[in-house]
Amino acid sequence: MPRTRSTTSPARGSTTATEVARAAGVSQSAVSLVMSGKAAGRIAPATAAHIQEVARSLGYRPNVAARTLRTGTSGLLGLVVLDASHPFYGHMLSAADDAAAGHGLALTMIQTRGHEDSWEQRLADQLSSGHLAGAIVCGERLSEGSPLRDRRDRLVFVEVPEPGMRSVALATAAAAADAVALLASHGHSEIAYLAADYPSAVFASRVADCADAARQHGVTLRTDPRWRATFDVEPATAAAGRLLDDGARAVVCDDDLLALALHRVAAERRVTVPDDLEIVGVGDLDTARLVSPELTTVRLPATSIAAAAVALLLDALAGRETPETTTVETPLVERRTTRSV
């Protein structure tokens, strides 16, 4: 069974290989062999396990940048995202770049929006050519015959875990349950869902989590193809208007941008939030606190998510054994678009 660890802000150690060797009572070359994945047949398994445990306790991470100089592999990591213009992914890129820079590496972004049929091959080509050392894939699931399936040691998945590959899972199912429970406690027997209109696994997962929570709380989750929109202002505003036309009074949105579009339409129609309409978003973008009333939302902590993903990828590239899944907490943040109990 794969191991799972949880984190909210994984630390990056500054311990050197020399310090690990001293603490473990072995030579520095033994540490190098173990941490580079070349210990088989050269270092006793018990000794290798001891070195790994000491390295883990000291927070040591091999210098991947130095390894790239020795091997000729790129010092560039890829960050695969749905939409590069979305503020959340901007925060992710910034935080991931900061985490990678501490190891002499840099980040580049790859967008899947508009490239749904080609992003996997594009990424595989960049990994095969050595242009990218590895990549973090956000919110996507691999196709059945994906050319990336044999790249498991150079990939980390975020939010939508890929079976058998390293992943950063988000505790969004628990957050969805909290959101539904909150709205149900306010007397709502129906909750409408304002959905993101993208063929991305992350949004399929979010609505499924909300549907599960609704069943658990005896609440009806209403969905409708007309209540779907991209994050662009006009389609999001139009979908929000249709949802209000259909009488929605409690709404969970796939994303804060959709929630803010609904917030805007409600204000234009003089629908009082939260007395006549309760809204829950996902993301906790800065703009969630720039509207009045401020948005109740599920916090996706971009800095912690990025740090966890980079740490997991660096361990993979260095040949270090890691847990398959790291989990980051995503709490529901109650503000004023939902009523106080």
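Screening region 272-300 for residues that are farther than 17 Å from residue 181 by Cβ and aliphatic (A, V, I, L, M) and picking the one that is surrounded by the fewest Cβ atoms within 10 Å (Cβ to Cβ) gives 290.
Answer yes or no as to whether residue 258 is in a helix (DSSP H, G or I), modelled with pLDDT of 95 or more and crowded, with 17+ Cβ neighbours inside 10 Å.
Numbers: in a helix (DSSP H, G or I): yes; modelled with pLDDT of 95 or more: yes; crowded, with 17+ Cβ neighbours inside 10 Å: yes.
Yes.
Here's the yes/no breakdown for (1) among the charged types (D, E, K, R); (2) in contact with a strand residue (DSSP E or B) (Cβ under 9 Å, 6 or more places away or on another chain); (3) within 30 Å of residue 317 (Cα to Cα):
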site	(1), (2), (3)
176	no, yes, no
202	no, yes, yes
209	yes, no, no
226	yes, no, no
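In region 99-124, the qualifying residues are those that are surrounded by fewer than 21 Cβ atoms within 10 Å (Cβ to Cβ) and in contact (Cβ under 8 Å) with a residue 40 or more places away in the chain, and the one that is farthest from the chain's Cα centre (by Cα) is 104.
Identify all residues within region 301-341 that are β-branched (Val, Ile, Thr), within 29 Å of residue 155 (Cα to Cα) and buried (at least 18 other Cβ atoms within 10 Å of the Cβ); write none if there are none. Full working, then the answer.
Restricting attention to region 301-341, the residues satisfying the condition of being β-branched (Val, Ile, Thr) are 303, 305, 310, 322, 325-328, 330, 333, 337-338, 341.
Now narrow it down to the ones that are within 29 Å of residue 155 (Cα to Cα): 303, 305, 310, 322, 325-328, 330.
305, 310, 322, 325, 326, 327, 328, 330, listed by residue number.
Evaluate the following for residue 225: is it more than 23 Å from residue 291 (Cα to Cα) and modelled with pLDDT of 95 or more? So residue 225 fits the description; yes. All told, residue 199 meets the bar of being within 24 Å of the chain's Cα centre (by Cα) and surrounded by fewer than 16 Cβ atoms within 10 Å (Cβ to Cβ).
Taking the condition in a loop (DSSP other than H, G, I, E, B), at pLDDT below 90 and either aromatic (Phe, Trp, Tyr) or within 30 Å of residue 287 (Cβ to Cβ) (or both), does residue 104 pass? Give the steps one after another, and end with the answer.
On the way: in a loop (DSSP other than H, G, I, E, B): yes; at pLDDT below 90: yes; either aromatic (Phe, Trp, Tyr) or within 30 Å of residue 287 (Cβ to Cβ) (or both): no.
Against the criterion (in a loop (DSSP other than H, G, I, E, B), at pLDDT below 90 and either aromatic (Phe, Trp, Tyr) or within 30 Å of residue 287 (Cβ to Cβ) (or both)), residue 104 does not qualify.
Only one of (1) assigned to a loop (DSSP other than H, G, I, E, B); (2) of a type outside the set (Phe, Trp, Tyr); (3) crowded, with 18+ Cβ neighbours inside 10 Å; (4) over 20 Å from the mean Cα position of the chain (by Cα) fails for residue 127. Which number is that? Checking residue 127 against (1) assigned to a loop (DSSP other than H, G, I, E, B); (2) of a type outside the set (Phe, Trp, Tyr); (3) crowded, with 18+ Cβ neighbours inside 10 Å; (4) over 20 Å from the mean Cα position of the chain (by Cα), the one that fails is (1). Across region 218-231, a minimum of one residue is classified as buried (at least 21 other Cβ atoms within 10 Å of the Cβ), under 26 Å from the mean Cα position of the chain (by Cα) and outside any strand (DSSP E or B).
All of (1) farther than 20 Å from residue 328 by Cβ; (2) not in a loop (DSSP other than H, G, I, E, B) hold for residue 117 with one exception: (2). Residue 314 passes every criterion in (1) modelled with pLDDT of 95 or more; (2) part of a helix (DSSP H, G or I); (3) more than 18 Å from residue 161 (Cβ to Cβ); (4) under 20 Å from the mean Cα position of the chain (by Cα) apart from (1).
Kindly establish whether residue 247 is assigned to a loop (DSSP other than H, G, I, E, B) and out of contact with any Gly (no Cβ under 6 Å at 6 or more places or on another chain). Lay out the reasoning, then the answer.
Values: assigned to a loop (DSSP other than H, G, I, E, B): yes; out of contact with any Gly (no Cβ under 6 Å at 6 or more places or on another chain): yes.
Yes; evaluated as a whole, the condition is true for this residue.
The values are calculated or read from the model by the stated rules, or taken from the named source; none is laboratory data. All figures in this text were calculated on a predicted structure; none of them were measured in a lab. Neighbour counts are summed over all protein chains in view; Cβ atoms, including those assigned to glycine, are modelled from backbone coordinates with ideal geometry.
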